[in-house]
Amino acid sequence: MAQLKWLSLLWIGAALLAPHAFAQTSAAAETKAAAPAEKQVITELKDIAGTNSIPLLGNRFRIDYAVDEVTLVFFRKKGAPSVVLVRPDGSKVYARTAKDNGMQWFDDKTYDLIKMTKPTPGPWQAIGEILPESRIMVLTDIGLDVDALPKDLMVGEIFKVTARLSNGGKPVNVKDFRDILQLDVLLFSTQKPGFDNSNATVLNFTTFADDGKNYDERPRDAIFTGEFNLKVQAGEWLPKYLVKTPLYTRELMQEPVLVVRTPIKTESVESLTPDEPHQVIYQVTDGPLNPDTLIVQGRLRYPNGEVQSFSLGEQKGDKRILRVANAGVGTYRIEQMLFGKTQSGRDVVISLPEYTFAAIGPKIAVPEIPVADKVAASTEAGAKNQSDPAASQAEIPVEPPAEFPLGLVIGVNLLILIGGGGAIFLTMNQNAQRTFSMLVAKVNPAAILRRKKAGVGDIASVEAESSPATAADSAAAVKKAPKNKASDDILDLSLPDD
């Protein structure tokens, strides 16, 4: 009874200390000073038995009558089935029946996230393969503090930003807690005229992590680290931080930040001789970058595929010169990173886009006529033309342009079409072949002479004499004609009887 009474008091304190607060870093400090007790947003409940060595009996907790809404998190073995909740009256609630009981239930491979509104007061129990080292948590809201972004940001800059989950001003160190939360960063363009991002909208920028990789120093320490790589257009951006769980989302807005163009101008100078190197010049322009602290480092890829690393250290002045060995004509590619400090002393790392330049080799010099010689030659030619106009006309003959023989081309094409069509017609038609043979016989010079001697009326005898075979074929055709009484269109191809 003493333990139940103690736990009931703890629940009342948890309900009173959960204001659903979600504020920025600057506002969080004022809230802590004004009302430190109201900052507690996550309450951890120890089971009544004080140990999880007996999971089926030890995971008990009590919900007080003052709690209107509660979110429970149960961490369990990977792949184990979802837990089962036992109400104070002994009835059971499963993940599949949560909706019917007015609950929101999200079951993952490693945890159960359950949200209840106006839960039944009294002792509850969770049945399942809950991890021995985990504890039942009552999650009402998330307190998030995010580092303020620098004011002198540049395009291409890379830096880290940390976000901390708080519980009464203290970090929340709960194993596997990072599996529940997802922290995302969005950048909204203010679309102010005159900036490069005036037509941009929103970018899904980066995601925070607590896994001990990349910029994150330690895993599962409730410090979430995000990598900011400002490969964005220059202009004013509004950062928004989203804390997501499977059941709800919270937002945190920061003040707008101005991202300026990278204050570096890069140009190349090609060598005119094989022994002299090419030059790539980095010129620091007006901006937040301190030129004396500039360091350039990267890799150079030659036209033949060879790769070479390079580094240009700090020195006085706003110019750095990279000397590139002349490897012949072709394209040279440079991957480059900048290191340095801003005018305010902040260390910066900037990733520049790949720079390329082409070497085309030495130019061939074309000799030019001096201006004095050109004037003298033109004056002499003008005087000669004035003294002898006929000679000038003879020296510059004007020939009319040759006309295209369009008519000849058309005539040749017509002849080809007519000849080809006639050949095809004669090949496909036997009557046409006989007609053509008779026509050839008529135009035969010997036949014409015989017709003149015989007279005009004796043409048939002349045709018979000039072409006996033709006359015989005609007689045979006349003799065979009665066999084709059915149709005059059918050609009789049978040979004569004799």
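The values are calculated or read from the model by the stated rules, or taken from the named source; none is laboratory data. Bear in mind the structure is a predicted one, so any value in this text is a computation, not a measurement. All Cβ positions, even for glycine, are placed from backbone atoms using ideal geometry, and neighbour counts span all protein chains on display.
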Hits in the range 284-294 (condition: surrounded by 15 or more Cβ atoms within 10 Å (Cβ to Cβ) and among the β-branched types (Val, Ile, Thr)): 284, 293
Any chance you could count how many residues in the range 290-308 are of a type in the set (A, V, I, L, M, F, W, C) and farther than 25 Å from residue 328 by Cβ? 2
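Within the range 219-229, is even one residue of a type in the set (Gly, Ala, Ser) and buried (at least 17 other Cβ atoms within 10 Å of the Cβ)? Spell out the reasoning first.
Looking only at the range 219-229, we keep the residues that are of a type in the set (Gly, Ala, Ser), and these are 222, 226.
Narrowing further to those that are buried (at least 17 other Cβ atoms within 10 Å of the Cβ): 222, 226.
Scanning the range 219-229, I find at least one residue that is of a type in the set (Gly, Ala, Ser) and buried (at least 17 other Cβ atoms within 10 Å of the Cβ), so the answer is yes.
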Selection from the range 72-105 of residues modelled with pLDDT of 90 or more and assigned to a strand (DSSP E or B) yields 84, 85, 86, 92, 93, 103, 104, 105
May I ask you to verify whether residue 297 is crowded, with 17+ Cβ neighbours inside 10 Å and either of a type in the set (S, T, N, Q) or on the phi > 0 side of the Ramachandran plot (or both)? no
For the range 259-275, the count of residues that are surrounded by 13 or more Cβ atoms within 10 Å (Cβ to Cβ), not hydroxyl-bearing (Ser, Thr, Tyr) and not in a strand (DSSP E or B) equals 3
Strands (runs of 3 or more DSSP E) completely within the range 163-258 that count 3 or more residues being modelled with pLDDT of 80 or more and of a type in the set (A, V, I, L, M): 182-189
Test of understanding: among 288, 303, 263, which residue is within 28 Å of the chain's Cα centre (by Cα) and within 22 Å of residue 151 (Cβ to Cβ)? 263
